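Throughout, read-outs are computed from the coordinates displayed, never taken from laboratory work. The structure presented is a predicted model; accordingly, all values stated were derived computationally and were not measured. Quick reminder, even Gly has a Cβ in these numbers, built from the backbone with ideal geometry, and neighbours come from all protein chains shown.
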There are 2 protein chains.
Amino acid sequence: MLRVDLLANIFSNIPSKLPNEIFEDILITEKLRVERIVSKGQTSPDTGWYDQSENEWVIVLSGYGIVEFISGVKVALKQGDYLNIKAHEKHRVIETSSDDTTVWLAIFY
Amino acid sequence: MLRVDLLANIFSNIPSKLPNEIFEDILITEKLRVERIVSKGQTSPDTGWYDQSENEWVIVLSGYGIVEFISGVKVALKQGDYLNIKAHEKHRVIETSSDDTTVWLAIFY
């Protein structure tokens with residue numbers, strides 16, 4: 001018995017217009033949270049840096065994004081690239097693809 | 001300062017010949033384990049079902065695979081499809097793409 005209702009797809013339900021980034025929880029447990037982030041040209045808010053209490057493992061599944069750390073180090077992630085960001089390692093997204101949709105999958109742990 | 005040494009890519013370091021599936025830990029903490037599984041036509045061993053003590057969240061990033069549960073339910077995962085498999089929910093992989101490499105990303109938690 002082949003069932004499709006047990007599945008979801010990480011690339012589905014993306015609106016054609018993305019005035020703002022979309023942050024969606026995919027899996028939440030006491031120990032971790034998996035989030036999908038969808039961007040199209042957006043960057044982190046000007047108000048400052050992400051300073052997270054959790055570690056974040058993040059992979060880019062489509063498009064691309066550039067992450068800057070407060071040290072000045074920049075990392076450009078294309079499809080399939082992944083990065084581990086330690087808790088309280090201040091960082092921000094300074095560029096995402098404006099042509100393609102950038103889909104990030106992040107594990108906060 | 002753009003740095004590439006902080007990155008790895010989920011699609012890299014895949015041998016051209018895959019006589020056996022490859023299982024590699026990408027991230028290990030006390031609370032979770034992230035694993036890359038690379039298949040090319042392989043299926044689960046005939047010896048039986050996976051009966052795991054941990055929950056598994058799994059996504060197919062390239063190729064495709066068909067997971068069968070002991071209930072008889074089958075789920076076909078193509079690129080981007082993800083599935084949550086509860087601990088001790090017996091399952092096996094009954095088919096993977098023989099043309100393309102199937103890359104699975106699994107979170108055990």
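Inter-label distance, B:Met1 to B:Glu30: 3.3 nm, where each label sits 7 Å from its Cα along the C-beta direction.
Within 10 Å of each Cβ of A:21-34, how many other protein chain Cβ atoms are there on average? The partial results should precede the final answer.
On the way: counts 0, 0, 0, 0, 0, 4, 6, 0, 6, 2, 5, 7, 0, 7.
Across A:21-34, the average partner-chain Cβ count within 10 Å equals 3.
Computed from phi, the 3J(HN,Hα) profile of region A:63-73 under the Karplus parametrisation 6.51, -1.76, 1.60 (θ = phi - 60°) reads x, 7, x, 10, 9, 10, 9, 5, 5, x, 5 Hz, with x in place of Gly and Pro.
Treating each Cα of the protein assembly as shown as one equal point scatterer and applying the Debye formula with no solvent, the log10 of I(q)/I(0) at q = 0.07, 0.12, 0.18 Å⁻¹ comes out as -0.23, -0.66, -1.39.
Would you mind checking A:Lys40/B:Lys31; B:Lys40/B:Lys86; B:Lys40/B:Lys74; B:Lys40/B:Lys90; A:Lys31/B:Lys90; A:Lys86/B:Lys74 for any pair whose Cα atoms are more than 27 angstrom apart? Write out the running numbers ahead of the final one.
On the way: A:Lys40/B:Lys31 32 Å; B:Lys40/B:Lys86 25 Å; B:Lys40/B:Lys74 19 Å; B:Lys40/B:Lys90 22 Å; A:Lys31/B:Lys90 23 Å; A:Lys86/B:Lys74 38 Å.
Violating the 27 Å Cα-Cα cut-off are A:Lys40/B:Lys31; A:Lys86/B:Lys74.
Of the candidates A:Asn13, A:Asn84, A:Asn55, which one comes out as most mobile in a Gaussian network treatment of chain A with C-alpha springs shorter than 10 Å? It is A:Asn13. For region B:19-108, the alpha carbon positions stretch 36, 29, 24 Å along the principal axes, listed from largest to smallest. Neighbouring Cβ atoms from other chains, within 10 Å of the Cβ of residues in B:1-12, number 6 on average.
Which length gain, in nm to one decimal place, applies between A:Ser53 and A:Val73 when the Cα-Cα distance is subtracted from 0.36 nm times their residue separation? Show your work: numbers first, answer last.
Numbers: separation 20, 0.36 × 20 = 7.20 nm, distance 2.04 nm.
Here the segment from A:Ser53 to A:Val73 would lengthen by 5.2 nm.
Per-residue 3J(HN,Hα) values for region B:84-95, derived from phi via the Karplus relation 6.51 cos²θ - 1.76 cosθ + 1.60 with θ = phi - 60°, read 10, 10, 6, 3, 6, 7, 5, 8, 8, 9, 9, 7 Hz in sequence order (x marks Gly and Pro).
Once you put a point 7 Å from the Cα of B:Phe11 and another 7 Å from the Cα of A:Asn20, both along the Cβ direction, what distance in nm separates them? Between B:Phe11 and A:Asn20, the simple spin-label model gives 3.2 nm.
Among the residues of A:68-81, the average count of other protein chain beta-carbon atoms within 10 Å of the residue beta-carbon is 4.
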